[in-house]
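**Student:** Handing you this structure, nothing more for now.
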Amino acid sequence: MKKKGLALVLALALMVVSAVAGTLAWLTATSTTVTNTFTTSDITVKLKETTGEQYKMIPGYELKKDPKAWVVSGSEDCFLFVKLDWANDTYTSGGETKYYLDWAIAEGWQLVPDETNVYFHEVTSSQMSSDDGNTNAFSVLAGNKVTVSGDITKEQMDALNKEGAAKPTLTITAYASQLHKNATDKFTAREAWDNINK
């Protein structure tokens with residue numbers, strides 16, 4: 001009887017402890033979830049010319065040449081650069097060095113400080129073009145032309161036609177680099193050009 005009584009007392013005690021413990025609760029709370037998805041950004045730059053790749057130099061003639069550069073819509077605000085590399089473009093006449101071809105950079109381009117052949121535009125979203133460049137493309141050469149020197153002689157032309165002679169060339173390349181270094185500050189054109197070279 002003692003054992004049954006002790007077991008009954010222990011069972012009752014456990015029931016009381018369980019009942020009391022079941023009524024105790026800590027205050028808790030959970031917020032709603034916020035999930036941010038971070039997308040990428042990019043810049044797309046294009047360069048196109050419709051006039052061709054081969055040009056016949058005739059002294060004094062203007063040759064139509066219409067390279068255009070643009071930033072494709074959806075790109076980030078940026079510096080648009082064009083680099084013009086001329087090669088084999090000089091000849092000697094009367095002891096003086098002259099150029100076979102004359103040209104000028106189109107309006108709106110600015111020379112990058114400390115460069116001789118790299119020009120830039122600042123381009124924001126309203127100045128960008130569709131993928132085909134039909135709107136907001138920037139002409140590279142003034143008047144979309146180069147002019148052949150009127151002083152070139154037949155002998156100089158013949159020298160250019162000899163086998164292995166290097167002909168005058170113009171290579172144009174377009175580049176772009178982001179405009180802003182952070183939410184408030186812009187790069188300078190010099191810094192942005194240096195970023196490309198890194």
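Only the coordinates and a few stated rules stand behind these numbers; no lab work does. All of these numbers come straight from a predicted model, not from anything done at the bench. For neighbour counting, all protein chains shown are included, and Cβ atoms are generated from backbone atoms with ideal geometry for every residue, glycine included.
**Student:** Please give the contour-minus-distance gain from Thr147 to Lys46: 0.36 nm per residue of separation, less the Cα-Cα distance, rounded to one decimal in nm.
**Tutor:** Working: separation 101, 0.36 × 101 = 36.36 nm, distance 2.52 nm.
Using 0.36 nm per residue and subtracting the Cα-Cα distance, I get 33.8 nm.
**Student:** Turning to a different aspect of this structure: Zone of Glu122 (label point 7 Å along Cα→Cβ, backbone N under 12 Å): which residues in the range 53-83?
**Tutor:** Zone members listed by number: 78-80.
**Student:** Near Lys98, which aspartates and glutamates are there with a Cα under 18 Å away, not counting those fewer than 8 places off in the same chain?
**Tutor:** Glu62, Asp85, Asp89, Asp151, Glu155, Asp158
**Student:** Which of the lysines could be linked to Lys56 by a straight reach, that is with a Cα gap under 17 Å, when you skip same-chain ones fewer than 8 residues away?
**Tutor:** Lys56 reaches Lys64, Lys65, Lys145, Lys154, Lys162, Lys167.
**Student:** At 0.36 nm per residue, and after removing the present C-alpha to C-alpha distance, how many nm does the segment from Ile105 to Thr30 gain when stretched out fully?
**Tutor:** 20.7 nm
**Student:** Suppose R0 equals 45 Å; then what is the FRET efficiency for Gln54 and Ala183 from their Cβ-Cβ distance, rounded to the nearest 0.05? Don't jump to the answer; show the numbers that get you there.
**Tutor:** Details: r = 48 Å, r/R0 = 1.07.
Result of the calculation: an efficiency of 0.40.
**Student:** Counting Lys and Arg as +1 and Asp and Glu as -1, each charge on the Cβ, what is the dipole of the chain about the Cα centre in debye, to the nearest 20? Each step should come with its number before you reach the end.
**Tutor:** Numbers: 19 positive and 24 negative charges, 373 e Å.
The dipole of the chain has a size of about 1800 debye.
**Student:** Between the range 57-81 and the range 151-198, what is the separation of their alpha carbon centroids in Å?
**Tutor:** Here the two parts' Cα centres lie 12 Å apart.
**Student:** Please check which bits of the range 67-81 a label hung off Asn195 would reach, taking the label as a point 7 Å along Cα-to-C-beta and the cut-off as backbone N under 18 Å.
**Tutor:** Output list for this probe position: 70-81.
**Student:** Write down the percent of antiparallel bridges among all DSSP beta bridges whose residues are both part of the chain, to the nearest 5. Walk me through the intermediate numbers first.
**Tutor:** On the way: 35 of 36 bridges.
Here the antiparallel bridges make up roughly 95 percent for the chain.
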